[in-house]
Amino acid sequence: MENSQHAKEDLAATNRRFWNDHGRELFKQQWVLDMSKKIGDALSNSVQWMGVRGRSEGGSPVKLLDYACGPGMVSNTLLGQFDIIRGIDISETSVASYNEMAQQSGIPVEQMHAVQGYIPPPPENTLLAAEEFFNFDLIVISMALHHIEDQAGVLSGLYERLRSGGVLVVIDLAPDAHSHNHTQGGECANHDDYHAQHKARVQHTISNHHGYGVEDMKDLLSKAGFVPGSFDYQLYPNTSPHASDISGHDFSKNFSMKPFFIAKGAKE
């Protein structure tokens, strides 16, 4: 049990360090920008599918939590759908980029801002115990679950922060038994064989290398407490470029096209 806890903490610390050191550079890479656009388009087209109440319905403010928010792609995409948006990220650099984006867009801090942290938070993090970080209508975690060791703990923690009837949306890589690999330099290499030979630094930030199928996500969300009948899974095949080598800080040199999915579950 103690070793398991150390593994969770070590992976979290590794991710925090990696995204603090390389996040700004990585998020500017063209393949990341292309991937973000594809995910953003998919999110925009899935607003009705998510089933979140509209702002025009009155009552309490409609709230979004963008978990592992990075520089704010999800928040920016869904901005018009919510009265209040909060971001949480383990990386201080990512939080700074998120808040800079919001400020430059003229969005008031009261409406949209991010803080450094993670779920479930340590006891000393009293900020995430505040009411503003609970009772969300929608929580989105995009392209981050495969970087998390304690996936069940995180999903359960996010469940607790939804209002009754609120929805969690998970966006991540899907399994691909027939992956097509591409390189910008014209070379072609098998993604898994490449990693077997080169211990790329990014691999040390990842807990799941194979993607999540329908049954994987159904099981994870069910164990976290989500209503089984509310589960749905939309597959977007072979559209998400996935970095395979950053050892020389050239994040764009090698990547393989991976399918991604959007899954959802609702709180009782």
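We did not get these values from a lab; they are worked out from the coordinates using the rules stated. The structure presented is a predicted model; accordingly, all values stated were derived computationally and were not measured. So basically every Cβ, Gly included, is an ideal-geometry build from the backbone, and we count neighbours across all protein chains shown.
Quick look at the numbers
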item: Formal net charge of residues neighbouring residue 114 (Cβ-Cβ distance under 9 Å; K, R +1; D, E -1); result: -1
item: Packing-based ranking, highest mean first, of 69-75, 43-49 given that Cβ atoms within 10 Å are counted; result: 69-75, 43-49
item: Approximate spin-label separation residue 110-residue 48, in nm, with each point projected 7 Å along Cα-to-Cβ; result: 3.4
item: Extended-chain gain in nm, criterion 0.36 nm per residue less alpha-carbon gap, residue 103 and residue 30; result: 23.9 nm
item: Extended-chain gain in nm, criterion 0.36 nm per residue less alpha-carbon gap, residue 17 and residue 41; result: 5.7 nm
item: Label point 7 Å beyond Cα of residue 92 along Cβ direction - residues of region 25-40 with amide nitrogen under 13 Å; result: none
item: Distance in nm between pseudo-label sites at residue 222 and residue 127 (7 Å out along the Cβ direction from Cα); result: 3.8
item: Contour excess over end-to-end distance, with Cα ends at residue 234 and residue 134 and 0.36 nm allotted per residue; result: 33.3 nm
item: Exposure proxy order (Cβ contacts within 10 Å, fewest to most) of 38, 63; result: 38, 63
